[in-house]
Ligand code: SAM
């Protein structure tokens, strides 16, 4: 790779999400060889570069200066400089700034070269075992109404839904999940990945809220497996199945009819009682 001129390229370089050893050889080589490093927070990335013994001019790019900074960076690349984009942690653009820069690079026929590495998203879905089909939402909206609207719309898509969450918003988000999917809904927790207090497990959402007693620490990825009706095959899932059916605008009567086909051991009268309760609690 050429150091400064004649290799006008934009490198998208992944950095660790906690454990420093997760930087790749190729990432280090690239950061050593480019002319400039674009980062969100120069102080934060400065520390990483210091540990790697790399001294480069840094260019700051964040949500408040994204258009201007991106135009300047494109200009520099057109002049012949190679530039690397890093974010505060993990893979740039995965819930991080950089979209405008990449759009401009493609529009200007600039070579965009990924240097892959850590991301909380891929760590979470692989370690929780839900990687075959998933939808990534990034951070949920902060406003309760919008957040719950998005969560509700997730129940229309069967498969795994992945969200990022900051500790101070965890309680509200988990309460919204209870409201939309019920307290028995099983969620995947991937917290503090690659760090000392790493926590990766499946748990009922209500149990997790109880366990943490409003004391949510660290960074979170939450995995929400939205099931197909055919997947509700056990008696104990009657509640979840009825809820899913009622949510799809089925009447109480129709929901019980469908549910009783799947739950051959359940008494229809019990299902009916349960459906009425769910209907009055959530859908009236
Ligand atoms: N670009 C990053 C990536 O590739 O994962 C994500 C950046 S986004 C601004 C920060 C969010 O990612 C955090 O709020 C958290 O949801 C998630 N995250 C980042 N590091 C994490 C970690 N070590 N463990 C769990 N989640 C993490």
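Per residue of the chain, the DSSP helices (runs of n ≥ 4 H) give a summed -39500 (n - 2.57) that works out to -12500 deg cm²/dmol at 222 nm.
Summary of packing: across the peptides 48-60, 7-19, the per-residue average of other C-beta atoms within 10 Å ranks them, highest first, as 7-19, 48-60.
In the chain, the longest principal axis of the Cα atoms and the axis of helix 238-247 are about 70 degrees apart.
Counting only alpha carbon atoms, the long axis of helix 144-154 and the longest principal axis of the chain meet at about 80°. Write down the percent of antiparallel bridges among all DSSP beta bridges whose residues are both part of the chain, to the nearest 5. Taking every DSSP beta bridge within the chain, about 50 percent pair in antiparallel fashion.
When only alpha carbons are used to place a centre, region 1-61 and region 263-282 end up 58 Å from one another.
Projected over every direction and averaged, the convex hull enclosing the alpha-carbon atoms of the chain yields 17.1 nm². If you take every DSSP beta bridge fully contained in region 127-262, what fraction is antiparallel? Give it as a percent rounded to 5. Within region 127-262, antiparallel bridges account for around 75 percent of the total.
If you bin all the Cα-Cα distances of region 56-145 at 10 Å, starting from zero, the percentages per bin are 13, 40, 30, 15, 2. Where a ≥ b ≥ c are the square roots of the eigenvalues of the C-alpha gyration tensor, would you call region 30-96 rounded, which needs a/c under 1.5, or, failing that, prolate if a/b is larger than b/c, or oblate? Since a/c reaches 1.5 but b/c is at least a/b, the shape of region 30-96 is classed as oblate.
If you run the Gaussian network model on the chain, springs between alpha carbon atoms under 10 Å, then out of 154, 170, 274 the most flexible one is 274. For the chain, the longest principal axis of the alpha carbon atoms and the long axis of helix 268-282 meet at an angle near 50°.
Every number in this text was worked out from the coordinates using simple rules, so none of it is lab data. Since we're looking at a predicted model, the values are computed, not measured. Please note: Cβ atoms are built from the backbone with ideal geometry, for glycine as well, and neighbour counts cover all protein chains shown.
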